[in-house]
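Bear in mind these aren't lab numbers, they're just calculated from the coordinates by the rules spelled out. All values derive from a computational prediction rather than experimental measurement. We place every Cβ from the backbone using ideal geometry, glycine too, and count neighbours over all the protein chains shown.
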Amino acid sequence: MDTVPEGSYLYCDVSLPVPLDLPFTYALPDTLEVLRSMLPLAAEIRSGKVYSLTDAGRDAARQLVLDAGPEDPVANVLRTLESRSLSAAYLSKKLPLADKAIRSLERKGFIVAEQIQAERDPLRAASGNLRVEPSGQSAGQKLNKAERELMAFLELHPGSHNLKDLESTVRNAGAGMSARSLVLFDIDGTLIRRAGPHHRQALVEAVRHVTELDTTTENIPVHGMLDRDILMQMMQRAGAPDSLIRESMPAIVKRAQAVYVRTCPNLQKKTCPGVRRLLSRLNRRGIPVALVTGNLTRIGWKKMERAGLRQYFRFGAFAEMAEDRIGLVRIAIERARQRRWVAEDARISLIGDSPNDIIAARQNAAQAIAVYTGISTREELQAHAPDVLLEDLRSLKLEMLV
């Protein structure tokens, strides 16, 4: 095992090596919670600023792109922020003289800063940066085969082990430390609500830009639908032939995402009750969390970014990845298992606010947890017999998921 120079790093049972001015320690209650029940201290909460363009800033960006030279720091900052919000550290690193340009643009109201806090998830690190050591097995704990093999090796070879080295020595060592739960979340009506007309407007603008058709989402039951299906119905109602819909769909999907990324408002105050607390608790327990949503990929991630929730989600399954929501859930579960983020027999839960979420959970042998924080009423959701039905996520106990 490689040695670490004294005074350079801090280690505990499981850790990422970090400089001493950024220490952290993890509490390990049970042997098999080694990579799952990690409790970050305050030093693991990263704070920083994220900048995005205001409406005035977008107008200025379009003008400056035409008028300014390639070395203009103000134009470079505006141009870079056109596609997505970025941190101050990233802008300063990538763009010369960015700091001065940022201060100037902020004073003029062309950009706005958001203070964010994020908890770093050590499980996203490469296995070569993780170390593992048993902390004592709780009495009567049932182990699967991979866990038994891992524990047998650790009993014979006490001490701290590099996880990458361990995986090459013990077959399925990583699987032995996979999480026993996976929680999947819908977005609209479940994580955020009343997010404004920007999503629908992006779909309408995309169809108009690509096909010159005037369409609308009015009278389309968009709740629980996939964005691609919404676009198809919009075009069908406008009289578009199937051939045009099929040929233009890739360009429309691309355009809709670009429009929404530019126009998405601040959603920090649009999160549903109990969301932040639940996600934080899941994150601290090391339970993988993912999105399963009818949103297109960039639209879904942009909403999470602007709501201040992006850091909690390891991955997502989005509208363009499957034919229906049932397929999206299947994709999410398969990916989590293939990456060995969860055990084969892990408990899967899908949390959503639509009957389609309940149906998708049932079809994938997942626990269906319904919340009536969206459009569907309690009675409408109850008619589909979810495993759990809640007013909002403040009522959801962690024990229901693990």
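Ordering of 237-246, 335-344 by packing is 335-344, 237-246, highest average first (other Cβ atoms within 10 Å, averaged per residue). Extension gain for residue 246-residue 392 works out to 48.7 nm (0.36 nm per residue, less the C-alpha to C-alpha distance).
Between residue 97 and residue 269, the contour length at 0.36 nm per residue exceeds the Cα-Cα span by 58.6 nm. Residue separation of residue 382 and residue 365 scaled by 0.36 nm, minus their Cα-Cα distance, works out to 4.3 nm of gained length.
Once the C-beta distance of residue 49 and residue 72 is scaled by a Förster radius of 25 Å, the resulting FRET efficiency is 0.65 to the nearest 0.05.
Compactness check for the range 343-402: Cα Rg over 2.2 N^0.38 Å is 1.07. Note on the range 263-297 and the range 351-382: Cα centroid distance 17 Å, given to the nearest whole angstrom.
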